[in-house]
Amino acid sequence: MSVSPQREPDSARDLAAEQDYVSLLYRKLDTERETAQRRLAAALHQRGSAPQALTERDVATTTYSERLAQLGSVEQGLCFGRLDFQEGETAYVGRLGLFDEDGDYEPLLLDWRAPAARPFYLATAASPEGVRRRRHIRTLSRKVVALDDEILDLRAADQGQDLGLAGEAALLAALERRRTGEMSDIVATIQAEQDRIIRDELGGVLVVQGGPGTGKTAVALHRAAYLLYTYRQQLATRGVLVVGPNSTFLRYIGQVLPSLGETGVLLSTVDQLFPGVRATGEDTREAAEIKGRAVMVDVLTAAVADRQQVPDEVLEVEFEDGILELDRETCERARAKARATRRPHNLARRVFLDQLLDALAERAAGQLEVDLFAGVPEIPLDEGESADAEVLDAGDHADIRAELAASGKVLAALDALWPKLTPQRLLRTLFASPGRLASAAHGHLTEAEQAHLVRPPKSRWTPADVPLLDELAELLGVDDTEERAERERREREERAYAEGVLDILEQDEELADEEFLRVGDILDAELFAERQQARSELTAAERAARDRRWTFGHVIVDEAQELSPLAWRLLMRRCPSRSMTLVGDVAQTGAPAGASSWAEMLAPYVEDRWRLRELTVNYRTPAEIMDLAAGALARVNPELRAPTSVRESGTEPWQRPLAGASLPSLVEEELRAADGGTVAVLCPAARFAALRAELPQDERLSLLTVDEAKGLEFDGVLVVAPEEVVAASPRGWNDLYVALTRATKRLGVVYTERALEPLVGAG
């Protein structure tokens with residue numbers, strides 16, 4: 001395969017020249033790092049002693065900290081490309097920008113995200129964009145080890161017989177590299193179709209559809225880095241959220257963004273987006289599917305309404321030495337008024353309580369008047385005097401009401417009608433009580449479906465519970481009256497403490513000398529207190545991780561096809577601006593509540609206001625493996641076509657029957673064939689425990705279910721019992737398609753019944 005004529009550079013001369021320039025860049029990097037360290041140290045010192053505005057100091061400190069992190073993250077592979085333009089100018093491209101501050105501030109190295117660096121990714125022989133030669137520079141640590149040149153000469157280019165790949169030699173070298181268990185960035189080998197997606201505009205919902213190995217995840221992460229570079233002012237305070245399918249995947253991609261100079265992005269799974277809840281339990285497939293349905297919103301709404309009760313006839317409330325009565329009609333009026341506010345449950349509760357406390361106060365006052373006049377002879381009324389004249393005034397009524405509000409017995413009685421609830425408390429009691437669940441699910445779920453949801457009250461939270469908890473948090477709301485009062489109390493104490501410290505300093509005889517500035521001249525108590533709080537301030541990503549109500553400037557979702565309708569509601573709350581990048585492949589949907597089409601998934605939130613981009617080239621999976629996987633894809637949907645592989649491995653996938661096969665021996669063979677690379681054994685969930693006890697222990701070996709393997713890649717893959725993978729789920733063929741496309745070099749299949757046919761449409 002040829003993209004454009006490749007020219008081997010004069011290795012002796014060119015390597016030496018590039019080594020000299022790269023050495024210059026690293027010297028500049030070291031100098032800038034030392035400068036950033038000094039400025040960071042000065043900014044930190046200034047935070048504690050200088051009288052400047054607090055916000056300015058925080059911005060300076062954050063800027064120096066981020067820059068220092070960026071400079072440290074690119075130690076390996078600072079520069080990876082060079083552009084020689086037809087006018088004779090030369091530009092170098094790398095992971096961040098460096099400038100010649102000693103001269104006229106000329107760029108020594110272009111940040112790959114800068115507009116001026118785009119020709120490195122887009123220039124072709126047919127459209128060279130002013131580029132005469134594109135050079136790919138391969139480095140090992142700080143040393144240049146290889147150069148690959150492309151001469152963009154239309155007259156010599158071999159057009160129409162390739163996939164339009166840029167930097168074919170560098171790309172193939174990267175693809176052939178052994179996997180390490182962590183994802184690498186593709187910044188040096190981004191292709192034109194990927195670059196156009198990475199640099200798409202910020203606003204709106206962008207859907208990136210791509211088959212296995214097309215680089216969806218890499219494109220999504222590089223897009224996050226590009227958006228933060230290009231729209232930093234808009235995104236710096238709100239941050240960017242990157243959502244992955246599982247924790248294994250997050251560990252796999254964890255070093256990509258730091259290597260691109262971005263450290264402030266929050267990486268999370270959906271089930272980690274509800275602070276205080278760890279979803280370590282497991283649902284049955286049926287329960288997970290039911291919990292993900294949109295109809296569960298109606299079930300939860302009904303469950304909340306069921307907790308807003310009225311007595312059957314009369315509620316007796318103990319107060320002091322007597323009994324006060326609340327009739328059903330009074331309670332119904334209070335409930336109707338509270339619901340009419342359309343506030344969440346816990347906020348509307350205050351209205352409900354106020355109405356009933358008013359009613360109880362009126363009854364208590366009436367009883368008190370009766371008690372006061374018990375046994376007193378009736379006094380004749382003067383002409384014009386009303387028999388209804390009140391003995392107790394407004395102040396007396398207010399006192400009675402305050403006593404009622406402070407009574408534990410009164411509040412307990414009212415709380416039974418309209419309790420203050422947390423999402424955790426309500427969901428636990430709902431799933432632990434078949435009766436409560438039947439009431440809330442009436443007309444929404446069948447009895448058989450309800451049975452799948454019933455569980456003991458102390459069960460562990462599952463990933464499918466988290467969107468339900470988030471939905472309940474919206475329905476319940478947070479009555480933070482007490483928390484707000486406590487926060488205000490702490491702030492008063494901090495100001496009082498600061499005033500005391502300043503008083504002591506002011507009384508110091510040395511500071512009182514006229515030759516010295518007095519502390520009060522440069523620092524007041526409020527600023528002093530703020531400074532103490534500033535020392536423990538968190539980054540935007542850290543604050544977002546602790547705050548359920550945090551909204552992000554942009555959200556990126558990988559394996560987006562796996563999310564349920566309830567999970568999408570959670571994510572849409574995190575991004576009301578609907579500035580999102582969603583990457584996935586509906587042919588790989590395995591989750592029972594996952595999407596079968598992007599349009600159907602997005603319709604409730606943005607209707608048809610979203611744009612689709614497609615990735616069509618498979619960089620990961622060799623053609624031999626894709627021929628085999630095509631049979632599974634045809635069973636998913638005969639109209640779907642696999643992405644085109646850019647390379648062949650020369651190794652055909654092998655298949656053997658499980659009967660009589662020694663899996664440990666087969667795994668050992670694959671580990672040897674991987675030659676230091678990684679190997680994964682992918683199996684049905686039912687076989688996982690047995691295989692874990694049977695297989696050898698090796699840091700290069702991963703045993704995973706198919707669900708856990710989503711988004712990952714390995715040098716070699718061994719798929720065990722493909723027939724059981726298919727039979728385990730209504731979307732079993734989707735799951736098998738995922739399993740068969742995780743390998744970058746070798747694939748083995750150990751089947752239980754018959755071998756898979758490497759033919760499109762094979763049964």
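The values are calculated or read from the model by the stated rules, or taken from the named source; none is laboratory data. It should be emphasised that the depicted structure is a prediction, and the values quoted were computed from it without experimental measurement. Cβ sites come from the backbone with ideal geometry, for glycine too, and all protein chains shown count toward neighbours. The area values use the complete protein model at the heavy-atom level, side chains included, leaving out ligands, DNA and RNA. Shrake-Rupley method; radii C 1.70, N 1.55, O 1.52, S 1.80 Å.
Just a few scattered comments:
- Qualifying residues in region 394-432 (those that are among the small types (Gly, Ala, Ser) and surrounded by 15 or more Cβ atoms within 10 Å (Cβ to Cβ)) - the one farthest from PRO311 (Cα to Cα): ALA432
- The set of residues from region 545-561 being in contact with a strand residue (DSSP E or B) (Cβ under 8 Å, 6 or more places away or on another chain), in a helix (DSSP H, G or I) and either in contact (Cβ under 8 Å) with a residue 60 or more places away in the chain or not polar (S, T, N, Q) (or both) comprises ALA545, ALA560.
- The sole residue among ASN637, ASN618 that is within 20 Å of GLY213 (Cβ to Cβ) and free of Cβ contacts under 8 Å to residues at least 60 places away in the same chain is ASN637.
- Matching entry among LEU640, LEU666 (being of a type in the set (A, V, I, L, M, F, W, C), open to solvent by less than 20 Å² (accessible area, probe 1.4 Å) and either modelled with pLDDT under 95 or assigned to a helix (DSSP H, G or I) (or both)): LEU666
- Residue ID - nearest to the chain's Cα centre (by Cα), chosen from residues in region 423-455 that are assigned to a loop (DSSP other than H, G, I, E, B) and not aliphatic (A, V, I, L, M): ARG455
- Of all residues in region 309-339 being under 17 Å from LEU368 (Cα atoms) and open to solvent by less than 80 Å² (accessible area, probe 1.4 Å), the one that is farthest from the chain's Cα centre (by Cα): GLY322
- Only one of the numbered conditions (1) open to solvent by 30 Å² or more (accessible area, probe 1.4 Å); (2) at pLDDT 95 or above is not met by LEU682, and that is (1).
- For region 240-256, the set of residues classified as open to solvent by less than 10 Å² (accessible area, probe 1.4 Å) and outside any helix (DSSP H, G or I) consists of VAL240, LEU241, VAL242, VAL243, GLY244, listed by residue number.
- Residue identified as more than 32 Å from the chain's Cα centre (by Cα), within 27 Å of ASP283 (Cα to Cα) and crowded, with 20+ Cβ neighbours inside 10 Å among ALA709, ALA721: ALA721
- Total residues in region 218-231, condition open to solvent by 10 Å² or more (accessible area, probe 1.4 Å) and either within 18 Å of TYR121 (Cα to Cα) or not in a helix (DSSP H, G or I) (or both): 4
- Some residue of region 751-759 being of a type in the set (S, T, N, Q), at pLDDT below 95, more than 21 Å from GLU282 (Cβ to Cβ) and open to solvent by less than 10 Å² (accessible area, probe 1.4 Å): no
- Restricting region 685-706 to residues that are of a type in the set (Gly, Ala, Ser) and open to solvent by 60 Å² or more (accessible area, probe 1.4 Å), the residue that is nearest to THR217 (Cα to Cα): ALA685
- Extreme residue, nearest to the chain's Cα centre (by Cα), among residues of region 645-670 that are of a type in the set (A, V, I, L, M) and within 28 Å of ALA728 (Cα to Cα): VAL667
- Residue in region 622-634 that is in contact with a Ser or Thr (Cβ under 6 Å, 6 or more places away or on another chain), over 16 Å from VAL719 (Cα atoms) and at pLDDT 90 or above present: yes
- Hey, ARG343 at pLDDT 90 or above, farther than 22 Å from PRO311 by Cα and open to solvent by 70 Å² or more (accessible area, probe 1.4 Å) or not: yes
- Residues that are in a helix (DSSP H, G or I), open to solvent by less than 20 Å² (accessible area, probe 1.4 Å) and at pLDDT 95 or above within region 562-589 comprise LEU566, ALA567, TRP568, LEU570, LEU571, MET572, ARG574, listed in sequence order.
- Within region 600-627, tally of residues that are farther than 26 Å from LEU740 by Cα and not aliphatic (A, V, I, L, M): 8
- Scan of region 187-204 for residues that are touching a helix residue (DSSP H, G or I) at 6+ places or on another chain (Cβ under 6 Å), buried (at least 20 other Cβ atoms within 10 Å of the Cβ) and of a type in the set (A, V, I, L, M, F, W, C), ordered by number: ILE190, ILE197, ILE198
- Options LEU347, LEU326: the member that is under 20 Å from GLU403 (Cβ atoms) and touching a residue at least 24 places away in the same chain (Cβ under 8 Å): LEU326
- Residue in region 662-685 that is in contact (Cβ under 8 Å) with a residue 12 or more places away in the chain and on the phi > 0 side of the Ramachandran plot present: yes
- Condition check for LYS420: at pLDDT 90 or above, part of a loop (DSSP other than H, G, I, E, B) and within 30 Å of LEU468 (Cα to Cα): yes
- Residue check, LEU257 closer than 23 Å to TRP550 by Cα, within 12 Å of the chain's Cα centre (by Cα) and either at pLDDT 85 or above or of a type outside the set (S, T, N, Q) (or both): no
- From the options PRO604, PRO592, residue that is over 15 Å from LEU241 (Cα atoms) and modelled with pLDDT of 90 or more: PRO604
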